[in-house]
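Here the structure comes first, spelled out in structure tokens, and everything after it is commentary.
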Amino acid sequence: MDLLKWRKENHQQWHRPQHRSGEGDDCYHITAACYEHAPFIGDSPERMQDFASALIETFMNAVAKIHAWCVLPNHYHVLAQTRGLHEMCDALGRLHGRMSFRWNGQDNARGRKTWCGVVDRFIRSERHFWATLNYIHHKPVRHGYVEGWTDWPYSSAKNYLEVVGRDEAARVWREFPGGDYGEGWDDAKL
């Protein structure tokens, strides 16, 4: 049985593995999805931009270094380095609460569940880091929103390409492809 289907049928959180201790200057793939993968973030381009700005600000205020990020209509991904994983997750929980309150008011839907919990995945190696970075930047293409990384305005891909250059980005893509990264748990089509 499909894991997401089972979790939904059994009223379980869709993405809830155990958090690491969060001690040390570790790198994590952090993600969260809207409840039932509904496109609450993507209600409008203004909402997408507002959330992307608030997300980046939340990470910066939590003293985290962002390596890659992408906001999609129903979820987001961030590759970040932080000394305080628990504090980071708490800050994201507060961000989710603020956004839920704002969006539910705008949508005349008070009390609506908007988010699933934050999920973190410890980055275990250089290969894992680069595959995650490629995966995050490729998400809008994979979901069919755009044809190229730089076409999606709610991502760090454009900045990444400006910093490393297209030749280096292409080399990293060939050497550390995203491939089937996330297959089976993050393929909701919108």
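The values are calculated or read from the model by the stated rules, or taken from the named source; none is laboratory data. The structure displayed is predicted, hence computed values, not measured ones. All Cβ positions, glycine included, derive from the backbone under ideal geometry; neighbour counts span all protein chains shown.
Beta carbons closer than 6 Å, at least 6 apart along the sequence or on distinct chains, pair a first residue in the stretch 37-57 that is part of a helix (DSSP H, G or I) with a second that is of a type in the set (S, T, N, Q) and surrounded by 15 or more Cβ atoms within 10 Å (Cβ to Cβ) for HIS37/ASN74. Remark: pairs (first residue in the stretch 136-162, farther than 11 Å from LEU72 by Cβ; second residue among the hydroxyl-bearing types (Ser, Thr, Tyr) and modelled with pLDDT of 95 or more; Cβ separation under 9 Å; 6+ apart in sequence or on different chains) = HIS137/SER155; HIS137/SER156; HIS137/TYR160; TRP149/SER155; TRP149/TYR160; ASP151/TYR145.
Among the residues of the stretch 140-173 satisfying the criterion of being small (Gly, Ala, Ser) and assigned to a helix (DSSP H, G or I), which is modelled with the highest pLDDT? It comes out as ALA157. Residue-level check: of (1) modelled with pLDDT of 95 or more; (2) in contact with a helix residue (DSSP H, G or I) (Cβ under 7 Å, 6 or more places away or on another chain), PHE176 misses just (1).
Of the residues making up the stretch 98-136, those that are closer than 30 Å to ARG166 by Cβ and part of a loop (DSSP other than H, G, I, E, B) are ILE123, ARG124, SER125. Applying the condition of being part of a helix (DSSP H, G or I) and free of Cβ contacts under 8 Å to residues at least 24 places away in the same chain to the stretch 58-92 and asking which residue is surrounded by the most Cβ atoms within 10 Å (Cβ to Cβ) yields ASP90.
Checked against the criterion of being more than 13 Å from the chain's Cα centre (by Cα) and at positive phi, the candidates ASN104, ASN108, ASN159 yield just one match: ASN108.
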